[in-house]
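Structure record follows, encoded as structure tokens.
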Amino acid sequence: MAKDLSQTGPHHVAIIMDGNGRWATQRGRPRLFGHHAGAKRVREIVEACPDLGVKYLTIFAFSTENWKRTQTEVAGLMSLFRRYIQREAHALFEEGVRVRFIGDRIKLDDKLVTLMDELELLTADNDKVHLTIALNYGGRDEVARATKRLAYEVAAGRLDPKDVNDETLARFLDTYVLPDPDLVIRTSGEARISNFLLWQSAYAEYEFIDTLWPDFSAHEFAGLIDNYSQRDRRFGAVNT
Ligand code: FPP
């Protein structure tokens, strides 16, 4: 009998979509060609989530460190994000996907931020899959921004320093409405977490796979979900 993945599978999966550049280089094409191919995979993976029992999917689209890439690549990625939102908004809405963005919006251009706000608003009542896109996101940056907001609350007398603990701090993170990820996947053979969801992934399971992101398929995704459902998560405790 098929396993009920909504019981045994990961509720929240986070993905570091790596390998677009190498995928393009292997084909003698510019890096942006790989990013465009990578963007196309996102829909297939989002669509696979409901049947796999994945309610929350969080994807790393642009890190606080990615500004160090060439101006051409950064501008190309920003234009890709704008076009992706414009092109996919309707389908995401129709498919019941609720979209959120995490990361610092301050460095993003106004047009992109407006599109992000509009997509969040358009999909705010959806509940089939919760897709979170990390854009200008860094885990350390997120904790620093959260700490700054918390410090302002303390300074304003609305929060007693004695009440600050891990739950209080988590309320100031970009992800405060999301459950912690159960499974973090990184494609392209690199075994690093690259500043992604540092706080939230404290007890996550990890899968580092060789596939380059533009080749990642719903079939491979399903295999990883199945692996996860065989694992024994103890959260620091022992099984009785
Ligand atoms: C890492 O590959 C990928 C990125 C920095 C960008 C991720 C973006 C996408 C998958 C496309 C768009 C996403 C959305 C939500 C529209 P890399 O360039 O570091 O690859 P490399 O390690 O082979 O150079």
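For the reader, a short list of remarks on this structure follows.
- Residue count for segment 175-194, restricted to those that are within 16 Å of the ligand (Cβ to nearest atom) and either aromatic (Phe, Trp, Tyr) or in contact with an Asp or Glu (Cβ under 7 Å, 6 or more places away or on another chain) (or both): 6
- In segment 128-143, the residues that are of a type in the set (Phe, Trp, Tyr) reach residues that are part of a strand (DSSP E or B) with C-beta atoms within less than 7 angstrom, at least six apart or across chains, in these pairs: Tyr137/Phe60; Tyr137/Ser63; Tyr137/Ile102.
- When segment 73-107 is limited to residues that are within 11 Å of the ligand (Cβ to nearest atom) and within 25 Å of Ser201 (Cα to Cα), the one that is least open to solvent (accessible area, probe 1.4 Å) turns out to be Val99.
- Taking (1) under 15 Å from the mean Cα position of the chain (by Cα); (2) in a helix (DSSP H, G or I) in turn, Val54 satisfies each apart from (2).
- In segment 21-31, the residues that are open to solvent by 20 Å² or more (accessible area, probe 1.4 Å) and within 13 Å of the ligand (Cβ to nearest atom): Arg22, Trp23, Thr25, Gln26, Arg27, Arg29, Pro30, Arg31
- Criterion: within 12 Å of the ligand (Cβ to nearest atom), open to solvent by 20 Å² or more (accessible area, probe 1.4 Å) and of a type in the set (Val, Ile, Thr) - qualifying residue of Thr58, Thr8, Thr70: Thr70
- When residues of segment 32-50 are limited to those that are in contact (Cβ under 8 Å) with a residue 40 or more places away in the chain and open to solvent by 30 Å² or more (accessible area, probe 1.4 Å), the one farthest from Val129 (Cα to Cα): Leu32
- Residue ID - nearest to Leu197 (Cα to Cα), chosen from residues in segment 111-168 that are touching a Phe, Trp or Tyr at 6+ places or on another chain (Cβ under 6 Å) and open to solvent by 60 Å² or more (accessible area, probe 1.4 Å): Arg149
- Residue pairs whose Cβ atoms lie under 8 Å apart, separated by 6 or more positions or on different chains, with the first residue in segment 10-31 and more than 13 Å from Trp213 (Cβ to Cβ) and the second among the charged types (D, E, K, R) and more than 8 Å from the ligand (Cβ to nearest atom), are Pro10/Asp182; Pro10/Glu205; His11/Lys55; His11/Asp182; His12/Lys55; His12/Asp180; His12/Asp182; Val13/Asp182.
- Filter result (among the small types (Gly, Ala, Ser) and part of a loop (DSSP other than H, G, I, E, B)) within segment 169-210: Ser188, Gly189, Ala191, Ser194, Ser201, Ala202, Ala204
- Total residues in segment 107-142 satisfying the condition of being outside any loop (DSSP other than H, G, I, E, B), over 16 Å from Asp174 (Cβ atoms) and of a type in the set (Ser, Thr, Tyr): the figure is 1.
- Leading residue by the ranking (least open to solvent (accessible area, probe 1.4 Å)) among those in segment 216-240 that are modelled with pLDDT under 80 and β-branched (Val, Ile, Thr): Val238
The values are calculated or read from the model by the stated rules, or taken from the named source; none is laboratory data. Keep in mind the model is a prediction, meaning the values are calculated, not measured. All Cβ positions, even for glycine, are placed from backbone atoms using ideal geometry, and neighbour counts span all protein chains on display. Remember, those area values only see protein heavy atoms, side chains included, never the ligands or the DNA or RNA. Shrake-Rupley method; radii C 1.70, N 1.55, O 1.52, S 1.80 Å.
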